[in-house]
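J.: Got a structure here, written out as structure tokens. Questions coming.
FYI, it's all coordinate maths here, none of it is from the lab. Please read all numbers here as calculations on a predicted model, not as lab measurements. Please note: Cβ atoms are built from the backbone with ideal geometry, for glycine as well, and neighbour counts cover all protein chains shown.
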Amino acid sequence: MRIVSAADMEKVSRSGLRKIRPEKPRIAVGLATCGIAVGGMRVYDRIKEIIGEENPDIELARVGCIGYCREEPLVNITIPGKPLVILHRVTPGDAEEIVRAVEKGEVPVEKALCRIPLWDHITGCTQEYGAGFDGIPRYEDVPFFSHQKKVILRNSGLINPEQIDEYIAIGGYAAALKALSGMAPEAIIDEVEKSGLRGRGGAGFPTGLKWRIARNAEGDRKFVICNADEGDPGAYMNRNEMESDPHMVLEGMLIGAYAIGVSEGLIYIRAEYPLAIRRLQTAIGQAREYGLLGKDIFGTGFSFDIGIATGAGAFVCGESTALVASIEGRTGRPHPRPPRLTDPGGGLFGYPTDLNNVESWCNIPVIISKGSEWYAGIGAKGNSGTKVFSLVGKVDRVGLVEVPLGTSLNTIVFTIGNGGAGNKKVKAVQTGGPSGGCIPARLFDTPVDYESLNRIGSIMGSGGIVVMDEDTDMVDIARYFINFAASESCGKCVPCREGLKHTLLILNKILAKKATKKDLEILSDLTETIVATSLCGLGQTAPNPVLTTLAYFRDEYDALVNP
Amino acid sequence: MDERTLDAIIARHDAPAGRLLGILGEIQNQEGYVSRETLEMLSEKVGVRISQLYGLATFYSYFTLRPVGDHVITICMGTACHVKGAVAILEALEGLLGIKSDVTDDGKLSITTIDRKFTVEIARCFGACSMAPVLRIDGNLYGYATPEDLPGILGEYGWKP
Amino acid sequence: MIQQEIPGKPITVTINGKEYRANEGEILLSVAIREKIEIPHLCYEASLDPYGACRLCMVEVVRKGKREMATSCTLRAADGLEVLTDTPEIVKHRSILFELYLAEAPKSDVIRDMAARYGVTRTRFLKRIEQGDPLGNKCVLCGLCVRACSEIMGAGAINFINRGPYTVVNTPYYAPSRDCFGCGACVRVCPTNAIEMEDAGAERVMKSWSGTRVPLSPCECCGRYYAPRELSASVLARLDTPLKEEIARLCPECRGKHIAREEILAKHGGSAKHA
């Protein structure tokens with residue numbers, strides 16, 4: 001069927017709600033890539049084996065990931081009238097016990113992580129699950145969750161990402177309906193501008209302004225692209241966003257396309273994310289069936305469709321001109337800007353193109369749904385909204401953390417992450433991937449926002465936070481990143497191609513204890529030139545891990561260097 | 001790759017955006033590598049110079065130009081995996097399989113055992129950082145890996161000490 | 001893609017404190033070349049799109065009292081544009097870039113002389129010397145040969161292979177190319193004379209390109225092999241000139257003699273095409 005009105009939407013919504021909260025108990029297994037890898041699929045299969053293909057009394061479903069990766073596999077249980085209960089560290093061996101308990105309207109309390117009596121999906125739906133199970137901690141009391149604010153991840157782990165009805169049931173595509181049928185494109189851009197949303201890919205360019213430039217660009221054909229090339233090692237929030245809530249990305253793109261005046265969209269996604277690709281393909285197919293993509297959406301006369309283009313393992317393709325080259329079937333060697341993507345001649349196949357990161361797109365539906373004022377009230381001045389971070393490395397509670405921008409590193413690493421794993425002392429975090437820097441623990445009162453991180457030599461980047469402890473060798477970390485950047489350099493300009501190679505050779509020499517003070521001087525001269533003269537952002541920022549470790553952990557270099 | 005398979009792949013990628021990398025990606029997935037014969041056939045069929053296709057196949061690390069072993073083991077070298085001991089996993093794997101991995105002249109790391117049972121490669125990041133260190137064998141991910149786990153994991157793929 | 005430049009309106013730019021006339025939108029490096037202001041460069045070629053790879057042509061742009069570095073090969077002339085080509089900042093970074101080039105192409109006299117002209121006579125970086133390098137350890141990956149081959153000649157015989165520090169230029173699979181027609185455009189655009197080509201009898205050998213061999217056609221008059229056979233055919237197809245026939249049959253030397261004879265005949269009342 002095609003959805004053209006609020007009434008159609010309501011009908012689908014009711015069907016979706018019956019899937020999320022059926023009249024019988026529902027067991028939902030968290031099946032994003034990480035959940036599957038730690039055995040989630042085996043748990044799912046075992047439960048299915050026990051309850052059979054079609055069970056009249058129990059519904060078995062797949063959901064995405066709520067982000068508490070350390071505790072996976074996670075299983076949600078919804079018993080009508082009772083709170084939703086999240087079970088953690090579930091094994092196939094637990095399946096029998098879970099099914100038996102659920103059959104009796106109960107849950108295995110000792111496997112329970114927390115209960116959720118009420119959940120606000122923000123975009124117009126609050127799920128009142130019910131009361132009971134008082135012996136299980138409430139969601140808000142779990143230290144990993146209590147300091148988070150889930151806006152982007154509001155549906156992750158609670159709905160089936162392969163069922164568009166469930167997304168619609170929690171208020172999905174309502175923002176698109178509102179935008180397309182009731183708002184002028186300019187008004188949408190105004191809202192996004194007023195919300196203060198900045199690019200979540202790392203550079204923090206105002207999204208609304210980018211859209212305005214793209215809208216005003218000359219050209220009868222234009223593109224919008226979703227950058228899903230998530231290339232920073234140690235970062236995986238985009239993967240989870242696409243695997244757990246793919247329709248949010250599509251809805252954001254649909255609204256953006258309408259605002260900019262574009263009928264063709266593309267998602268450029270790395271080939272290393274096969275599950276995210278599959279879920280996006282499924283989502284696109286379902287959206288087309290409902291007429292949410294394709295011709296004459298909501299009967300407004302506006303047409304828009306989305307295709308998928310896969311990357312092939314090149315970090316540099318996160319750079320906008322390299323990304324476009326890659327989609328066009330060329331090697332990802334950046335070209336000097338201008339022309340920018342939004343300029344005539346500069347975008348995909350020469351047409352003006354608007355490029356936004358996955359998480360930027362994810363922010364759009366909620367901005368339209370709740371309004372810019374609501375959105376701008378979250379976070380800090382000039383840094384509104386929340387940001388999802390992947391908190392990984394040598395931290396106790398590993399997982400995806402969503403907090404308002406401006407939250408301090410202390411809160412993220414210690415309050416939410418519980419500090420070092422195995423009671424080790426945390427020494428530093430690395431933010432922003434290979435373009436970012438290492439921040440020492442003494443600067444953890446720094447608020448995580450674009451400017452504050454820049455001031456201390458790092459960047460926001462896409463949101464990876466890798467924790468290092470007392471055992472981590474910071475010079476080795478610098479070498480790790482330079483090795484990464486050198487092998488991911490496209491090889492076009494000499495400072496990046498040759499400069500990073502020689503930086504790596506010098507770091508190897510230092511780590512082999514064969515370097516002298518003279519080598520440190522050369523290192524410093526060379527990195528300065530790489531920053532100043534490289535063609536694109538990859539080269540210009542690649543020395544950051546060296547520069548920050550030299551600034552904050554100089555003693556570790558000195559200890560390795562001969563006089 | 002036979003001509004019919006290639007034709008089918010080409011037919012699936014009719015949109016100009018993402019076409020060439022999409023086709024090459026499917027060839028890689030199906031063949032396990034991109035052979036010279038297939039690349040030359042593709043060049044003829046899509047009317048793109050072989051120098052351009054070869055440039056793509058050697059630029060992007062997703063593609064391999066040499067045949068791989070029966071099972072491909074990919075070690076994640078993302079930051080989280082690095083700080084949690086990915087290098088030790090790689091070294092232990094080399095010890096068990098009796099190989100020494102080294103970067104080849106094309107800058108890619110890929111080495112196959114003499115009996116052609118296993119190929120060891122590295123990846124820049126799977127995005128499965130929460131369970132670092134991670135390795136992947138034929139599409140199956142193994143998280144929280146330790147050198148001690150390896151014999152058991154490899155055993156699932158027919159490895160014997 | 002080669003874009004034809006339409007000359008913009010006349011404007012004034014300031015280079016090193018002196019004013020020069022230029023056309024709006026003109027590439028600053030080409031203004032400098034015209035005015036004989038020395039800016040080192042390796043990857044710039046007027047007939048190709050700006051590429052911005054060698055980074056040697058960086059200058060400082062003065063904007064509202066602030067200075068910012070930019071490559072002059074991608075910088076477009078605009079009224080009031082002010083640049084400086086030899087500031088301490090430029091000199092410092094340019095020297096490091098020359099050191100990197102000296103390490104990358106240690107056998108190139110061109111690089112050695114160019115660096116020396118800017119006061120750089122040694123490199124602190126490890127020199128890369130590869131035995132049997134088809135480009136004689138002289139290539140700086142400026143990309144001119146690749147671009148001339150595909151964008152000007154439409155041959156696409158050579159390309160970049162690999163990426164990052166492993167990047168090289170050669171034919172696919174390092175095998176003789178079927179797409180090369182031996183025009184030698186690559187040889188002529190190479191700024192470091194790295195590409196070797198040799199005519200041996202009826203064949204032209206592209207020694208640097210995996211020994212690609214291209215047949216030459218002989219001059220009908222003197223019998224000397226003078227032009228790549230395939231190239232002649234494709235060039236001739238595009239030519240529209242009365243000379244067409246002579247070019248197809250005669251080497252440049254015999255063509256000269258032939259034209260001269262025709263001229264003489266014409267003057268003395270005989271039949272001639274080039275009156």
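J.: Give the residue from B:Met41, B:Ala17, B:Gln30 lying farthest towards the positive end of the charge dipole for the range B:3-59; charges sit on Cβ (+1 for Lys and Arg, -1 for Asp and Glu) and the dipole is referred to the Cα centre.
T.: Toward the positive end, the furthest listed residue is B:Ala17.
J.: Moving to a separate point now. With the contact rule set at Cα under 8 Å and sequence spacing of 6 or more, what percent relative contact order holds for chain A?
T.: Details: 1260 pairs, mean separation 75.5, N = 563.
13 percent.
J.: Still on this structure, please answer the following. Given A:Ser146, A:Met183, A:Thr331, which one lies farthest toward the positive end of the charge dipole of chain A, if we put +1 on the Cβ of every Lys and Arg and -1 on the Cβ of every Asp and Glu?
T.: A:Thr331
J.: If packing is taken as the average number of other Cβ atoms within 10 Å across a peptide's residues, how do C:247-254, A:60-67 rank, most packed first? Walk me through the numbers before you get to the answer.
T.: Details: C:247-254: 16.2, A:60-67: 24.8.
Per-residue mean Cβ counts within 10 Å order the peptides as A:60-67, C:247-254.
J.: Measure nothing but the geometry: give the 0 to 90° angle between the long axis through the Cα atoms of C:229-238 and the longest principal axis through the Cα atoms of chain C, rounded to 10°.
T.: 80 degrees
J.: I would also like to ask the following. Under a cut-off of 19 Å between alpha-carbon atoms, report the lysines in cross-link reach of A:Lys424, not counting same-chain residues fewer than 8 places apart.
T.: A:Lys394, B:Lys84
J.: What span do the alpha-carbon atoms of the range A:173-374 cover on each of the three principal axes, reported in whole Å from largest to smallest?
T.: 42, 36, 32
J.: Mean separation of Cα pairs under 8 Å and 6+ residues apart, divided by the residue count of chain C: what relative contact order is that in percent?
T.: Computed over chain C, the figure is 11 percent.
J.: To continue, here is another question. Using DSSP, restrict attention to beta bridges with both residues in the protein assembly as shown and report what percent are antiparallel, rounded to the nearest 5. Let's see the in-between values first.
T.: On the way: 74 of 111 bridges.
Just about 65 percent of them are antiparallel.
J.: Then there's this: Non-local amide H neighbours of A:Asn357 (under 5 Å, H modeled in plane, Pro and chain starts lacking H): which ones?
T.: Placed amide hydrogens put A:Arg200, A:Gly201, A:Asn227 under 5 Å from A:Asn357.
J.: Using all Cα-Cα distances in the protein assembly as shown, what percent lands in each 20 angstrom bin from 0 up to the longest?
T.: 12, 41, 34, 10, 2, 0
J.: On C-alpha positions alone, give me the angle between the axis of helix A:185-195 and the longest principal axis of chain A, in degrees, nearest 10.
T.: 70 degrees
J.: Hey, another quick one. Other chains near B:71-82: what is the mean number of their Cβ atoms within 10 Å of each residue's Cβ? List each step's numbers first, then the result.
T.: Numbers: counts 0, 0, 0, 1, 0, 2, 5, 12, 18, 16, 5, 11.
For this peptide, the per-residue mean of nearby foreign Cβ atoms is 6.
J.: So if I place +1 on the C-beta of Lys and Arg and -1 on the C-beta of Asp and Glu, and nothing else carries charge, what would the dipole magnitude of the protein assembly as shown be about its Cα centre? I want it in debye, nearest 20. The partial results should precede the final answer.
T.: Details: 115 positive and 123 negative charges, 386 e Å.
It comes to approximately 1860 debye.
J.: Send over the semi-axes of chain A's equivalent ellipsoid, whole angstrom and largest first, taken as the square roots of 5 times the C-alpha gyration tensor eigenvalues. Spell out each step's value before the answer.
T.: Details: eigenvalues 312, 194, 74 Å².
Taking √(5λ) for each Cα gyration eigenvalue gives 39, 31, 19 Å.
J.: Another question, if that's okay. If you wrap chain B's Cα atoms in a convex hull and average its projection over all directions, what's the area in nm²? Before the final figure, lay out each step's value.
T.: Details: hull surface 40.9 nm².
Mean shadow area of the hull around the Cα atoms is 10.2 nm².
J.: Something else about it: Is there a quick way to get the dipole size of chain C? I mean about its Cα centre, with the Cβ of Lys and Arg at +1 and of Asp and Glu at -1; what is the value in debye to the nearest 20? If you can, show how the numbers build up before the last one.
T.: Details: 38 positive and 34 negative charges, 73 e Å.
With only Lys, Arg, Asp and Glu charged at Cβ, the dipole is about 360 debye.
J.: Return the FRET efficiency for the residue pair C:Ala78, A:Arg455: r is the Cβ-Cβ distance, R0 is 35 Å, and the value is rounded to the nearest 0.05.
T.: Numbers: r = 33 Å, r/R0 = 0.94.
For C:Ala78 and A:Arg455, the calculated efficiency is 0.60.
J.: To continue, here is another question. Taking the mean number of other Cβ atoms within 10 Å as a proxy for protection, how do you rank A:25-35, A:80-90 from highest to lowest? It would help to have the intermediate numbers written out before the result.
T.: Values: A:25-35: 26.7, A:80-90: 21.5.
So the order, starting with the most tightly packed, is A:25-35, A:80-90.
J.: Still on this structure, please answer the following. Given a cut-off of under 8 Å on Cα pairs at least six residues apart, what relative contact order in percent is computed for the range A:384-448? Kindly include the intermediate steps, with their values, before the conclusion.
T.: Values: 96 pairs, mean separation 19.9, N = 65.
It comes to 31 percent, rounded to a whole number.
J.: Given springs between every Cα pair under 10 Å in a Gaussian network model of chain B, which of B:Gly107, B:Gly32, B:Gly78 has the largest fluctuation?
T.: It is B:Gly107.
J.: Take every DSSP beta bridge whose two residues both sit in chain A, then give the antiparallel share in percent to the nearest 5.
T.: Values: 36 of 65 bridges.
Close to 55 percent.
J.: Could you let me know the centre-to-centre spacing of the range B:118-151 and the range A:106-154, using Cα atoms, in angstrom?
T.: 32 Å
J.: If one computes P(r) from the Cα atoms of the range A:330-381, what percent of pairs lie at distances over 16 Å? Walk me through the numbers before you get to the answer.
T.: Working: 798 of 1326 pairs.
Summing the P(r) of the range A:330-381 above 16 Å gives 60 percent of all pairs.
J.: How compact is the range A:114-241 by the rule of thumb for globular proteins, expressed as Cα Rg over 2.2 N^0.38 Å? Write out the running numbers ahead of the final one.
T.: Details: Rg = 18.5 Å, N = 128, 2.2 N^0.38 = 13.9 Å.
Dividing the Cα Rg of the range A:114-241 by 2.2 N^0.38 Å gives 1.33.
J.: Take peptide A:328-340, look around each residue's Cβ out to 10 angstrom, count Cβ atoms belonging to other protein chains, and average those counts. List each step's numbers first, then the result.
T.: Numbers: counts 6, 14, 6, 11, 5, 8, 1, 6, 9, 2, 2, 0, 0.
Per-residue shielding by partner chains comes out at 5.
J.: Let me ask something else. Would you please give the FRET efficiency between B:Asp102 and A:Lys149, computed as 1/(1 + (r/R0)^6) with r the Cβ-Cβ distance and R0 = 45 Å, to the nearest 0.05? Don't jump to the answer; show the numbers that get you there.
T.: Values: r = 47 Å, r/R0 = 1.05.
Computed FRET efficiency for B:Asp102 and A:Lys149: 0.45.
J.: Per residue, what volume in Å³ does the convex hull of the Cα atoms of chain C enclose? Present the calculation step by step, with values, prior to reporting the outcome.
T.: Numbers: hull volume 48.1 nm³, N = 275.
Here the figure is 175 Å³ per residue.
J.: Another one. Arrange the peptides A:335-341, A:304-310 so that the one whose residues have, on average, the most other Cβ atoms within 10 Å appears first. Could you put the intermediate results ahead of the total?
T.: Working: A:335-341: 17.4, A:304-310: 21.0.
Put in order of decreasing packing, that is A:304-310, A:335-341.
J.: Take the Cα atoms of the range A:354-451, build their convex hull, and give its volume per residue in Å³. The partial results should precede the final answer.
T.: Working: hull volume 11.6 nm³, N = 98.
In the range A:354-451, the Cα hull volume divided by residue count equals 118 Å³.
J.: So how strong a dipole does the range C:88-129 carry about its Cα centre when Lys and Arg Cβ are +1 and Asp and Glu Cβ are -1, to the nearest 20 debye? All intermediate terms of the calculation are to be shown ahead of the outcome.
T.: Working: 9 positive and 5 negative charges, 28 e Å.
Here the range C:88-129 has a charge dipole of around 140 debye.
J.: Something else: Just to check, using Stokes-Einstein with a Kirkwood Rh over alpha carbon pairs, what's the diffusion coefficient of the range C:132-216 at 10 °C and 1.306 mPa s in µm²/s? Walk me through the intermediate numbers first.
T.: Details: Rh = 12.7 Å.
Rounded to a whole number, D works out at 125 µm²/s.
J.: Using a 10 Å cut-off around each Cβ of peptide A:310-320, what is the average number of partner chain Cβ atoms that fall inside?
T.: Details: counts 7, 5, 13, 11, 8, 3, 3, 3, 0, 0, 0.
Mean shielding count: 5.
J.: May I pose another question? Where does helix C:252-267 land angle-wise versus the long Cα axis of chain C, in degrees 0 to 90, nearest 10?
T.: Result, in degrees: 60.
J.: Ok, one more. Using just the helices of the protein assembly as shown, give the 222 nm mean residue ellipticity in deg cm²/dmol: DSSP H runs with n ≥ 4 each add -39,500 (n - 2.57), and the total is spread over all residues, rounded to 500.
T.: -10500 deg cm²/dmol
J.: Using alpha carbon centroids, what distance separates the range A:157-202 and the range C:127-143, in Å?
T.: For the range A:157-202 versus the range C:127-143, the Cα centre distance is 53 Å.
J.: Apply the Karplus parameterisation 6.51 cos²θ - 1.76 cosθ + 1.60, with θ equal to phi minus 60°, to every residue of the range C:32-41 and state each ³J(HN,Hα) to the nearest whole Hz, in sequence, with x for glycine and proline.
T.: 4, 4, 4, 8, 6, 9, 7, 10, x, 7
J.: Which one of A:Leu348, A:Gly30, C:Cys186 has its Cα pushed farthest toward the positive end of the charge dipole of the protein assembly as shown, where Lys and Arg give +1 and Asp and Glu give -1 at the Cβ?
T.: Of A:Leu348, A:Gly30, C:Cys186, it is C:Cys186.
J.: Still on this model: May I ask for the longest run of chain B untouched by chymotrypsin sites (Phe, Trp or Tyr not before Pro) that are loop-located per DSSP and have at most 16 neighbouring C-beta atoms (other than their own) within 10 Å? Working shown, then result.
T.: Details: sites that count: B:Tyr144, B:Tyr157.
Longest stretch, sites excluded: B:1-143.
J.: Percent of alpha carbon pairs in the range B:3-59 separated by more than 15 Å? Walk me through the numbers before you get to the answer.
T.: Numbers: 643 of 1596 pairs.
Counting pairs separated by more than 15 Å, the tail of P(r) holds 40 percent.
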